[in-house]
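Every read-out reported here was derived from the displayed coordinates using simple, explicitly stated rules and does not represent laboratory data. From a predicted model like this one, the values you see are computed outputs, not experimental measurements. Heads up, the Cβs are rebuilt from the backbone with ideal geometry, glycines too, and the neighbour counts pull from every protein chain shown.
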Amino acid sequence: MEAKEMICILCPIGCHLSVAQKEDAPNEYIVTGNQCPKGESYGIKELTNPTRVLTTTVKIKNAALDRLPVRTAQDIPKNKIRECMRVLNEIEVEGPVQIGMIIVENILGTGIDVVASRSM
């Protein structure tokens with residue numbers, strides 16, 4: 001397998017990583033360019049199952065603003081982001097809302113909640 005080049009985003013160093021699958025062991029990977037163990041785990045995770053924290057807004061009634069900032073409580077699979085956005089685009093909550101309040105529980109069956117990022 002050809003090596004994939006990426007930049008580690010786990011710390012301010014921003015190591016330039018090269019991640020390749022071992023030819024003789026399909027479930028093992030070689031990571032080079034990392035200056036700490038975090039870079040190795042990041043590179044493997046990014047190649048095999050990339051995830052992201054989704055931050056966006058939802059509609060809110062009875063509040064000072066029209067949109068409420070929300071985020072996923074944990075990383076979600078990167079390939080589910082568009083589908084999550086479709087779901088969140090249809091959500092409308094009613095104020096008042098406290099920071100950390102669950103807006104959508106277990107979004108798309110991922111086991112991850114969408115929570116308010118601000119009180120309103």
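Which entry in [x] 18.5, 60; [y] 18.0, 56; [z] 15.7, 52 matches Rg and Dmax of the Cα atoms in Å derived from the coordinates of this structure?
[x]
In what order do Cys36, Cys8 fall by count of nearby beta-carbon atoms within 10 Å, going from fewest to most?
Ascending number of Cβ neighbours within 10 Å: Cys36, Cys8.
Comparing Ile103, Ile13, Ile60, which has the greatest mean-square fluctuation in the GNM of the chain with Cα pairs linked when under 10 Å apart?
Looking only at Ile103, Ile13, Ile60, the largest GNM fluctuation is found for Ile13.
Could you please rank Thr32, Thr48, Thr57, placing first whichever residue has the fewest other Cβ atoms within 10 Å of its Cβ?
Thr48, Thr32, Thr57
Taking the dipole about the Cα centre of the chain, with the C-beta of Lys and Arg at +1 and of Asp and Glu at -1, give me whichever of Ala3, Ile30, Val87 is farthest to the positive side.
Val87
Over the chain, calculate the relative contact order: mean separation of alpha carbon pairs under 8 Å at least 6 apart, over the residue count, as a percent.
Computed value for the chain: 18 percent relative contact order.
So if I place +1 on the C-beta of Lys and Arg and -1 on the C-beta of Asp and Glu, and nothing else carries charge, what would the dipole magnitude of the chain be about its Cα centre? I want it in debye, nearest 20.
Approximately 420 debye in magnitude.
Just order 112-118, 16-22 by mean Cβ neighbour count inside 10 Å, highest at the front, would you?
112-118, 16-22
Express in whole angstrom the spacing between the alpha-carbon centres of the range 43-120 and the range 1-21.
28 Å
Pop out the ³J(HN,Hα) list for the range 53-65 in order, Karplus 6.51 cos²θ - 1.76 cosθ + 1.60 with θ = phi - 60°, rounded to Hz; leave Gly and Pro as x.
So the Karplus estimates, Gly and Pro as x, are 7, 8, 10, 7, 9, 10, 5, 9, 9, 6, 9, 5, 10 Hz.
Within the chain, what is the number of lysine pairs with alpha carbons under 19 Å apart, leaving out pairs fewer than eight places apart on the same chain?
Lysine pairs meeting the criterion: 7.
List the residues whose amide H sits under 5 Å from the amide H of Arg118, counting only those 5 or more places along or on another chain, with H placed 1.01 Å from N in the peptide plane.
Close amide H contacts, sequence-distant or interchain: Gly100.
List the residues whose amide H sits under 5 Å from the amide H of Ile76, counting only those 5 or more places along or on another chain, with H placed 1.01 Å from N in the peptide plane.
Arg52, Val53, Leu54
For Ala64, put the label point 7 Å out on the Cα→Cβ axis and report which residues of the range 87-120 keep their amide N under 20 Å from it.
It comes to 93-101, 116-120, nothing else.
Mind checking the dipole of the range 55-116: about its Cα centre, +1 per Lys or Arg Cβ, -1 per Asp or Glu Cβ, Debye to the nearest 20?
Rounded to the nearest 20 debye, it is 220 debye.
Between Tyr29 and residues 5 or more places away or on another chain, which pairs have amide H atoms under 5 Å apart, with H built 1.01 Å from N, and which residues are they?
Here Lys22 satisfy the definition.
By its C-alpha gyration tensor, with a ≥ b ≥ c as the square roots of the eigenvalues, how is the range 7-52 shaped: rounded for a/c under 1.5, else prolate for a/b larger than b/c, else oblate?
Because a/c hits 1.5 or more and a/b fails to exceed b/c, the range 7-52 counts as oblate.
Restricted to Cα positions, what overall size does the range 55-116 have along the principal axes? Three whole-Å values, descending.
Result for the range 55-116: principal-axis Cα extents of 33, 19, 15 Å.
Helix-only estimate, please: 222 nm mean residue ellipticity of the chain, summing -39500 (n - 2.57) across DSSP H runs of length 4 or more and dividing by its residues, to the nearest 500.
Here the helix-only value at 222 nm equals -5000 deg cm²/dmol.
Nearest 10 degrees is fine. How inclined is helix 37-48 to the longest principal axis of the chain, computing both from alpha carbons?
It is inclined by approximately 80 degrees.
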